Amino acid sequence: MQAELPDSIAIIGVNEVGFDSGNEGFTQGRELPWLQDTEEQTVWAQWSVSYRDVVLVDPSGKIAGVFNLTLYDLGKNGDYEELRDALLTLDSEE
């Protein structure tokens with residue numbers, strides 16, 4: 001079910017400020033780049049992120065959409081394809 005994404009698409013995790021105690025365990029055995037938000041950067045606040053949001057950022061760095069993994073289950077038909085297609089659309093906008 002998992003498709004290869006073009007090299008021009010990067011996926012990273014950004015953990016919310018104050019929830020950094022589990023970072024080491026979360027990233028163990030995974031290749032997903034994982035960043036810790038800070039009170040100085042406040043990425044979550046600036047982007048109005050909710051828990052389990054996938055924020056789609058276009059090639060110019062602007063937010064192009066949000067896909068929440070609590071509302072949309074990637075294990076269900078259609079939800080995975082919707083997120084994949086949104087990512088591939090971003091790639092074609094370069």
Return a yes/no flag: does the stretch 13-26 have any residue that is among the aliphatic types (A, V, I, L, M), at pLDDT 90 or above, on the phi < 0 side of the Ramachandran plot and under 10 Å from the mean Cα position of the chain (by Cα). yes
Yes/no for D37 being of a type in the set (D, E, K, R), without any contact (Cβ under 8 Å) to a residue 24 or more places away in the chain and in contact with a helix residue (DSSP H, G or I) (Cβ under 9 Å, 6 or more places away or on another chain): yes
Within the stretch 43-69, how many residues are exposed (fewer than 11 other Cβ atoms within 10 Å of the Cβ) and at pLDDT 95 or above? 0
State which residue is nearest to L83 (Cα to Cα) when the search covers only the stretch 1-25 and only residues that are outside any loop (DSSP other than H, G, I, E, B) and in contact (Cβ under 8 Å) with a residue 12 or more places away in the chain. G13
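The values are calculated or read from the model by the stated rules, or taken from the named source; none is laboratory data. The model shown is predicted, which means the values in this text are computed figures rather than measured ones. Methodologically, a virtual Cβ is constructed for each residue, glycine included, from the backbone with ideal geometry; neighbour enumeration extends over all protein chains shown.
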